[in-house]
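All remarks here apply to the structure that follows.
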Amino acid sequence: MNLSFDHLGLLSDTAAKNQDLADFFAGVLGLEIDGDASQGYAEVKAGAITIALHTGAMVDDFGAHGGTLLQFRSDDVRADVEEIRGRGGKITVEPLDTDWGTTSAYVAGPHGVLVELYEWTTRK
């Protein structure tokens, strides 16, 4: 398995909270924002790490605090899912091809942590 940590996802339960986060990162910290947080998704450019601001997630149960989504780039999502499943991991979303150009799968962690494994299929 070859995983690389390059995104940190912050999950909000409302668009207003998601926009508040974007306003903080842009207005208070002066970081560049790509996307429209009030419409559900934006990315904060934070050096080597991208902070992804999400309203909701691809799974229903992401924790009372809004949840934490850790996104790991993978060389082979489908193979990594099988390896994780073999270790007893709970796959909450099986590998799927997204309309934004990735193959993604989700693994449930403890206490509201959600891990996405993804590989780019249309861009690198």
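The values are calculated or read from the model by the stated rules, or taken from the named source; none is laboratory data. The structure presented is a predicted model; accordingly, all values stated were derived computationally and were not measured. All Cβ positions, glycine included, derive from the backbone under ideal geometry; neighbour counts span all protein chains shown. For the accessible areas, the whole protein counts, side chains as well, though only heavy atoms, and no ligand, DNA or RNA atoms are used. Shrake-Rupley method; radii C 1.70, N 1.55, O 1.52, S 1.80 Å.
A compact table of results
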read-out: Charge dipole (debye, nearest 20) of the stretch 6-51; +1 at Cβ of Lys and Arg, -1 at Cβ of Asp and Glu; value: 80
read-out: Accessible-area order (highest first, 1.4 angstrom probe) of the listed residues GLU83, GLU116, GLU94; value: GLU94, GLU83, GLU116
read-out: Folded to 0 to 90 degrees: helix 77-86 orientation relative to the chain principal axis, Cα; value: 70
read-out: Residue-normalised accessible area of the chain, given per residue in Å² at a 1.4 Å probe; value: 55
read-out: Residue-count net charge about THR14 - beta-carbon cut-off 15 Å; Lys, Arg +1, Asp, Glu -1; value: -3
read-out: Accessible area of THR121 in the full protein assembly, 1.4 Å probe (Å², nearest 10); value: 80
read-out: Student exercise, the chain dipole from Lys, Arg, Asp, Glu Cβ charges, in Debye to nearest 20; value: 240
read-out: Rel. contact order, % - alpha carbon contacts under 8 angstrom, at least six apart, the chain; value: 25
